[in-house]
Amino acid sequence: MKAILCKKFAPVSELVWEEVADPVAGPGEVVVDIKAAGLNYPDNLIVQGLYQFQPERPFSPGHEGAGVVSSVGEGVDLHKVGDNVAFFKGFGAFAEKIVVPDTLAFSIPESFPHHVAAGVFMTYGTSYHALVQRANISRQDEVLVLGAAGGVGLAAIDIAKSFGARVVAAVSTEEKGEICSRYGVDDIVVYGENKLNGGAQKNFSKELKTKSSRGGFSIIYDPIGDCFAEPALRSIGWGGTYLVVGFAAGKIPSFPANLMLLKGCAVSGVFIGRFQQENPSIYSQNLVEIGKLVAAKKLTPFISEKIPMSDSIEAIERIARRGVVGKVVFVNS
Ligand SMILES: NC(=O)c1ccc[n+]([C@@H]2O[C@H](COP(=O)([O-])OP(=O)(O)OC[C@H]3O[C@@H](n4cnc5c(N)ncnc54)[C@H](OP(=O)(O)O)[C@@H]3O)[C@@H](O)[C@H]2O)c1
C-alpha cells in the first residue's frame, strides 16, 4: 500500500507519499481499506513534533477516516470483512490501509458517505464533548464561537444551533462570516487577520459584549487563544463557561484570576484524546449520537474540499496558515 510518511519531525514539506508494507490485523484488530480521511489542525503539529504526543518515526499522520474492513484478527466480534466503518486513532489515517482495534471502528450505514464519515469524529466529537459534557448546553444558552469558520468552530455552531441556542460567530474575514451565516448564526463579529494590540483588544471585547442579548455570553468556545482569548473572556456573562479548545492563533493565553472571580465563571479545558481514554463509553455514545444526528440531517458537516490522498501534503501545510474552511477530506480512489 501507499501512505504519507513522516520519517523525522520536520516541516510538512518533508512528508512523502511512499510504498510501505500492508498492515496485518493482530488479535482484536481489524484492517480498514481507507476510502477517505479527515484533515485536522493537529495533523500539521504532530509531524513537526509539536503535538501532545509524539509517535515513533516513521509514521503516517491522520487522526480519522472511513472505509471498508478488509481483514479481521483473532477474537474480533464487532466487525466482519466488508463492513463500512469510520475510525478515530491518534495517527495513521493518511494511507491506503490502517489497522485499528475492533472497538475503535464504528459501523456506519450504507447511506453515510465515506467522505462525510471520515471528517466528523475529530471536529464534531470535540465540539460535542465540549458543549455537552463540559458546558451542559441547552436552548437557553447564548454561545460565542471564536475561529468559527474552522473545523471545530463550524462543528460547534452546528451543534449549538441543533440544541436551539443563540450563537454568535467570530471570524477574521467577511467571507468566513458568510460561511457561518449558512449555519444560521444569529450574529457575526469580524476581528480581522492581524493580532490585536491593547486598544484593539478593548474594542474587540466591547463589540463582543454588544452582540450578547444579555450583556454576556453563557458559553464561549475558544479554539484560537492568543490575543483573542482575554478580550473574549471579558465578554462572558455571570456564571458562564469558557471552553479552552486550542491555540490556532499561536500563543497560549493566560487569564487574570480576578476575571473568574468577578464573573463567577468557569474556565474549562477540552482534550478529546484524553477524554476518549478516560471515558471511552461516553465518548462512544457521543459518536453514536453524532452519527444519528448527521444521518437525520440535523447536523450538516461542511466538506469544503475532497483531495486525492496522493496530492494532499500541500493541504496539511495550508491548514496552519488559515487556508482552510470547514472540513477538508483526502480520498483514495
Ligand atoms: N482540545 C482538543 O481536543 C482539540 C481537538 C481538535 C482541535 N483542537 C485544536 O483546535 C484548534 C482549531 O482546530 P481546527 O481543526 O478547527 O483548525 P482549522 O480548521 O484550521 O481552524 C482554525 C481557525 O483558527 C483561526 N485562526 C486564527 N489565527 C490563526 C492562525 N494564526 N493560523 C491558523 N488559524 C488561525 C482561523 O479562523 P480565522 O481566520 O477566522 O481567525 C481558522 O479557521 C487547533 O489549535 C487544534 O489543535 C483541539
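In segment 167-189, which residues are in contact (Cβ under 8 Å) with a residue 40 or more places away in the chain and closer than 22 Å to GLY269 by Cα?
Listed by number, the residues that qualify are VAL168, ALA170.
Is at least one residue of segment 145-160 outside any helix (DSSP H, G or I), within 11 Å of the ligand (Cβ to nearest atom) and farther than 25 Å from ILE316 by Cβ?
no
Determine if segment 190-199 includes at least one residue that is in a helix (DSSP H, G or I), over 20 Å from the mean Cα position of the chain (by Cα) and either of a type in the set (A, V, I, L, M) or more than 15 Å from the ligand (Cβ to nearest atom) (or both). Before the answer, list the steps.
Within segment 190-199, the subset in a helix (DSSP H, G or I) is 198-199.
If we keep only those that are over 20 Å from the mean Cα position of the chain (by Cα) as well, we get 198-199.
Now drop any that are not either of a type in the set (A, V, I, L, M) or more than 15 Å from the ligand (Cβ to nearest atom) (or both), which leaves 198-199.
There is at least one residue in segment 190-199 that is in a helix (DSSP H, G or I), over 20 Å from the mean Cα position of the chain (by Cα) and either of a type in the set (A, V, I, L, M) or more than 15 Å from the ligand (Cβ to nearest atom) (or both).
Can you tell me how many residues in segment 83-97 are part of a loop (DSSP other than H, G, I, E, B) and more than 19 Å from the chain's Cα centre (by Cα)? Reasoning before the result, please.
Initial filter on segment 83-97 (part of a loop (DSSP other than H, G, I, E, B)): 83, 89-94, 96.
Add one more test, that the residue is more than 19 Å from the chain's Cα centre (by Cα), and what stays is 83, 96.
Residues in segment 83-97 being part of a loop (DSSP other than H, G, I, E, B) and more than 19 Å from the chain's Cα centre (by Cα): 2 in total.
In segment 161-181, how many residues are within 15 Å of LEU243 (Cβ to Cβ) and assigned to a loop (DSSP other than H, G, I, E, B)?
The total comes to 2.
With the requirement that a residue be charged (D, E, K, R), over 25 Å from PHE88 (Cβ atoms) and within 16 Å of the ligand (Cβ to nearest atom), what does segment 226-282 give you? Let's see the steps before the verdict.
Within segment 226-282, the first condition is being charged (D, E, K, R), and the residues that meet it are 226, 230, 234, 251, 263, 274, 278.
If we keep only those that are over 25 Å from PHE88 (Cβ atoms) too, we end up with 226, 230, 234, 251, 263.
ASP226, GLU230, LYS251 - these are the residues of segment 226-282 that are charged (D, E, K, R), over 25 Å from PHE88 (Cβ atoms) and within 16 Å of the ligand (Cβ to nearest atom).
Just checking, how many residues over segment 19-54 are at pLDDT 95 or above, in contact with a Gly (Cβ under 7 Å, 6 or more places away or on another chain) and either among the charged types (D, E, K, R) or in a loop (DSSP other than H, G, I, E, B) (or both)?
Selection size over segment 19-54: 9.
Give just the number: which of (1) modelled with pLDDT of 95 or more; (2) touching a helix residue (DSSP H, G or I) at 6+ places or on another chain (Cβ under 6 Å); (3) of a type outside the set (Ser, Thr, Tyr) does ILE290 not satisfy?
For ILE290, the failing item is (1).
Within segment 205-224, take every residue that is within 16 Å of the ligand (Cβ to nearest atom) and surrounded by fewer than 22 Cβ atoms within 10 Å (Cβ to Cβ) and give me the one that is farthest from GLY250 (Cα to Cα).
LYS211
Only one of these is surrounded by fewer than 16 Cβ atoms within 10 Å (Cβ to Cβ) and farther than 17 Å from ALA249 by Cα: ASP186, ASP158. Name it.
Residue meeting the stated conditions: ASP186.
May I ask you to list pairs of residues, at least six apart or on different chains, whose Cβ atoms are under 9 Å apart, with the first in segment 262-275 being on the phi > 0 side of the Ramachandran plot and the second being more than 11 Å from the ligand (Cβ to nearest atom) and not in a helix (DSSP H, G or I)?
GLY264/TRP238; GLY264/GLY239; GLY264/GLY240
Taking the stated definitions as given, is THR241 among the β-branched types (Val, Ile, Thr) and within 17 Å of ARG134 (Cβ to Cβ)?
Answer is yes for this residue.
Answer yes if at least one residue in segment 247-258 is out of contact with any Ser or Thr (no Cβ under 8 Å at 6 or more places or on another chain), crowded, with 19+ Cβ neighbours inside 10 Å and touching a residue at least 40 places away in the same chain (Cβ under 8 Å), and no otherwise.
Checked against the condition, which is being out of contact with any Ser or Thr (no Cβ under 8 Å at 6 or more places or on another chain), crowded, with 19+ Cβ neighbours inside 10 Å and touching a residue at least 40 places away in the same chain (Cβ under 8 Å), segment 247-258 yields at least one hit.
So for segment 72-80 (the condition being more than 23 Å from MET122 (Cα to Cα) and small (Gly, Ala, Ser)), does at least one residue qualify?
yes
Are any residues in segment 56-82 without any contact (Cβ under 8 Å) to a residue 40 or more places away in the chain and in a loop (DSSP other than H, G, I, E, B), and if so, which ones?
Of everything in segment 56-82, those that are without any contact (Cβ under 8 Å) to a residue 40 or more places away in the chain and in a loop (DSSP other than H, G, I, E, B) turn out to be GLU56, ASP77, LEU78, LYS80, VAL81, GLY82.
Only one of (1) at pLDDT 95 or above; (2) under 17 Å from VAL288 (Cβ atoms) fails for GLY67. Which number is that?
Condition (2) is where GLY67 drops out.
State all residues of segment 98-140 that are in a helix (DSSP H, G or I), crowded, with 24+ Cβ neighbours inside 10 Å and away from the ligand (no atom under 16 Å from the Cβ); if no residue qualifies, say none.
The answer is ALA117, and nothing else.
The values are calculated or read from the model by the stated rules, or taken from the named source; none is laboratory data. Remember, predicted model here, so these are calculated numbers, not experimental data. FYI the Cβ positions are ideal-geometry reconstructions off the backbone, even for glycines, and counts take in every protein chain you see.
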